[in-house]
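A short write-up of the structure that comes next.
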Amino acid sequence: MEQTLILIKPDAIEKRLTGVILSRLEALGLDIAGAKVVCATEALLREHYANLKGTAFVDGVVKFMMGDYNHLPDHRLYAFVLRGENAIARVRAALGATNPEKADPWTLRGQFGCIKEGVMQNAVHASGSPQDAAREIALWFKPEEVLK
Ligand code: TYD
């Protein structure tokens, strides 16, 4: 059984889309194995997005993930571990392409994402591979916070 890390991003939190996104992912037959509110630090986000280091857009992405472009009172993100057969690929398919303007219109990013000030506000993160999922779950959750 695969596990994948989901982050509800500030644009989706601001628009009160957390329940909609979660219900779409739960409807894939996936279980919630971990759930928490996280007030993310810049250091945590830079670690999470280590693959983007050196790109022109990483600073904008980190600022966005800290809520700088949205109207939130804090730096909150909602983090989930979802699990099920082939969870990583199935969740990524439900999200659609990284660029919300290119994502199929029926996907979560196609429906709810946008680009503002050059930063993709694409509503939700999900791990891209089993290696990424293991790394990201260990970064955002303590072992005892995730169901065995
Ligand atoms: P990435 O890990 O490549 O994509 P994904 O989230 O689909 O796994 O990029 C991380 C985030 O960075 C992405 O969700 C949106 C943002 N981003 C941009 O703002 N501009 C870009 O050109 C790219 C590739 C990503």
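Size descriptor for the chain, Kirkwood hydrodynamic radius: 15.3 Å (Cα pairs only, one decimal).
Cross-link partners of Lys142 among aspartates and glutamates, defined as those whose alpha carbon lies under 17 angstrom from its own and excluding same-chain residues fewer than eight positions apart: Glu47, Asp132. Each residue of segment 9-16 was assigned a 3J(HN,Hα) from its phi angle through the Karplus expression (A = 6.51, B = -1.76, C = 1.60, θ = phi - 60°), giving 7, x, 5, 6, 5, 4, 8, 6 Hz with x at Gly and Pro. Segment Ala27..Gln131, full-extension length gain: 35.0 nm, with 0.36 nm per residue of separation and the alpha-carbon distance subtracted. When we measure straight from the Cα of Lys102, which lysines land under 16 angstrom away, once same-chain ones fewer than 8 places off are left out? By straight Cα distance, Lys102 reaches Lys116.
Counting only DSSP H runs of at least 4 residues, each contributing -39500 (n - 2.57), and dividing by the residue count of the chain, the helix-based mean residue ellipticity at 222 nm comes to -9500 deg cm²/dmol.
Evaluating 6.51 cos²θ - 1.76 cosθ + 1.60 at θ = phi - 60° for every residue in segment 17-29, the Karplus couplings come out as 9, 4, x, 4, 5, 4, 5, 5, 6, 4, 5, 6, x Hz, glycine and proline recorded as x. Comparing Thr107, Thr55, Thr98 in a Gaussian network model of the chain where C-alpha atoms under 10 Å apart are linked, the largest mean-square fluctuation is found at Thr55. Across segment 2-145, the mean sequence separation of Cα contacts (distance under 8 Å, 6 or more residues apart), normalised by length, yields a relative contact order of 36 percent. Loop-located trypsin sites (Lys or Arg not before Pro) in segment 1-89 (DSSP state not H, G, I, E or B) with no more than 10 neighbouring Cβ atoms inside 10 Å: Arg16, Lys53. Between Ile88, Ile13, Ile115, the GNM of the chain built on Cα springs shorter than 10 angstrom shows Ile115 fluctuating the most.
FYI, it's all coordinate maths here, none of it is from the lab. Computed from a prediction, not measured in an experiment: that's the story for all the values here. Neighbour counts run over all protein chains shown; Cβ positions are idealised from the backbone, glycine included.
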